[in-house]
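The values are calculated or read from the model by the stated rules, or taken from the named source; none is laboratory data. These numbers come from a predicted model, not from an experiment. Cβ placement follows ideal geometry from the backbone for every residue including glycine, while neighbour counts extend to all protein chains displayed. All accessible areas refer to the heavy atoms of the entire protein, side chains included, with ligands and DNA or RNA removed. Shrake-Rupley method; radii C 1.70, N 1.55, O 1.52, S 1.80 Å.
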Amino acid sequence: MASLWRELMVEVLGVPSFVAHGGDWGAVVSSWLAVDHPEVVTGLHLSMLGLRPSLDRAGAPLSEPETTWLGETKRRLDRDGGYREQQATRPTTLAVGLSDSPAALCAWLVDKYHGWSGAGPDEPPPFDRDALLTSATLYWALGDLPAANWIYWADRHEGGIGLEPGQRITTPTGFALFDRGFFPVPPRTWAERAYNVRGWDVHATGGHFPAWLTPGPLAASLLRFVGEVT
């Protein structure tokens with residue numbers, strides 16, 4: 001996917017270099033773009049950690065905040081990560097069910113919109129209902145469920161999110177991180193193990209969907225970072 005983005009930008013659109021931004025899988029793909037094609041990526045701006053650093057004996061020992069964060073992340077995955085296991089191990093089986101039932105599709109999607117937005121257990125998702133229905137309709141009408149599920153299988157079996165020992169992203173990277181999402185906000189020292197961190201903005205709200213919930217702070221961080229690296 002990263003190579004296809006490079007092909008689109010450089011060979012199709014004729015843009016020799018650019019700043020890449022991403023969140024969720026976009027953070028992963030944009031990070032691999034900087035790893036595999038650093039000559040075209042002027043800067044990297046992310047609203048989620050994309051790649052995981054390699055932990056080996058040559059690296060600095062984990063700090064207490066890093067150890068705490070890793071423990072919190074594992075607890076969150078143990079509690080709410082079943083969807084990842086299903087998509088990574090049985091993507092087509094799941095896609096059949098979601099493609100057959102609009103109710104199942106809406107339940108699957110809204111569960112994530114609710115749980116990753118910072119809403120309380122008894123609160124509705126902080127999104128306009130028509131926007132949620134539009135999102136579900138796009139998945140349904142375009143038939144994108146199999147492809148959306150299979151990226152998890154590919155991540156586990158064909159790619160991954162871990163850097164090799166000694167590997168580090170040298171592209172200048174800015175982070176705009178928003179609390180109350182799926183993963184807790186990491187310590188900056190953890191991100192610096194994998195990235196050349198040049199910007200670090202942390203916000204108390206916004207969750208996993210900052211472009212939807214808090215677009216102003218996200219856009220401000222992105223524009224400020226672009227101005228610094230271009």
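Residue-wise test of (1) over 16 Å from the mean Cα position of the chain (by Cα); (2) among the hydroxyl-bearing types (S, T, Y); (3) within 30 Å of A60 (Cβ to Cβ).
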{"residue": "A204", "(1), (2), (3)": "yes, no, yes"}
{"residue": "H208", "(1), (2), (3)": "no, no, yes"}
{"residue": "A219", "(1), (2), (3)": "yes, no, no"}
{"residue": "E228", "(1), (2), (3)": "yes, no, yes"}
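Mind checking which residues of region 160-175 are more than 30 Å from G227 (Cβ to Cβ) and more than 15 Å from the chain's Cα centre (by Cα)?
Selection gives E164, P165, G166.
Let's see how each residue does on (1) touching a strand residue (DSSP E or B) at 6+ places or on another chain (Cβ under 9 Å); (2) within 24 Å of S31 (Cβ to Cβ); (3) without any contact (Cβ under 8 Å) to a residue 40 or more places away in the chain:
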| site | (1), (2), (3) |
| --- | --- |
| R52 | yes, yes, no |
| P65 | no, yes, no |
| E72 | no, yes, no |
| D78 | no, no, yes |
| Y83 | no, yes, yes |
| R90 | no, no, yes |
| A95 | no, no, no |
| L98 | no, no, no |
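Which condition does V226 not pass, out of (1) open to solvent by 30 Å² or more (accessible area, probe 1.4 Å); (2) among the hydrophobic types (A, V, I, L, M, F, W, C); (3) in contact with a strand residue (DSSP E or B) (Cβ under 8 Å, 6 or more places away or on another chain); (4) under 27 Å from L77 (Cβ atoms), if it passes all the others?
Result: V226 fails condition (4) only.
Which of the residues that make up region 30-56 are small (G, A, S) and assigned to a helix (DSSP H, G or I)?
Within region 30-56, S30, S31, A34 meet the criteria.
Scan region 46-56 and give yes if some residue there is modelled with pLDDT under 95, polar (S, T, N, Q) and within 30 Å of D144 (Cα to Cα), otherwise no.
Scanning region 46-56, I find no residue that is modelled with pLDDT under 95, polar (S, T, N, Q) and within 30 Å of D144 (Cα to Cα), so the answer is no.
Of all the residues that make up region 59-116, how many are small (G, A, S), buried (at least 16 other Cβ atoms within 10 Å of the Cβ) and either over 29 Å from L133 (Cβ atoms) or within 18 Å of the chain's Cα centre (by Cα) (or both)?
The qualifying residues number 2.
Quickly run through region 153-163 and pick out the residues that are under 21 Å from V40 (Cβ atoms) and either at pLDDT below 90 or among the small types (G, A, S) (or both).
G159
Which of the residues belonging to region 11-29 are open to solvent by 40 Å² or more (accessible area, probe 1.4 Å) and assigned to a helix (DSSP H, G or I)?
If the condition is that a residue be open to solvent by 40 Å² or more (accessible area, probe 1.4 Å) and assigned to a helix (DSSP H, G or I), then E11, V12, W25 are the ones that fit.
Taking the conditions exactly as written (surrounded by 15 or more Cβ atoms within 10 Å (Cβ to Cβ), modelled with pLDDT under 95, under 30 Å from P16 (Cα atoms) and out of contact with any Lys or Arg (no Cβ under 9 Å at 6 or more places or on another chain)), does W150 satisfy them or not?
So W150 does not fit the description; no.
What number goes with the only condition from (1) modelled with pLDDT under 95; (2) closer than 16 Å to A2 by Cα that I169 does not pass?
Status for I169: all satisfied but (1).
Could you check how many residues of region 195-225 are within 25 Å of P53 (Cβ to Cβ) and out of contact with any Ser or Thr (no Cβ under 8 Å at 6 or more places or on another chain)?
Residues flagged as within 25 Å of P53 (Cβ to Cβ) and out of contact with any Ser or Thr (no Cβ under 8 Å at 6 or more places or on another chain) within region 195-225 amount to 5.
So, restricting to helices (runs of 4 or more DSSP H) that lie completely within region 116-230, which ones have at least 2 residues that are without any contact (Cβ under 8 Å) to a residue 24 or more places away in the chain?
In region 116-230, 129-142, 145-157, 188-194, 215-229 are the helices (runs of 4 or more DSSP H) which contain 2 or more residues that are without any contact (Cβ under 8 Å) to a residue 24 or more places away in the chain.
Has region 63-84 got at least one residue that is more than 17 Å from E192 (Cα to Cα), at pLDDT 95 or above and in a loop (DSSP other than H, G, I, E, B)?
The answer is no; no qualifying residue exists.
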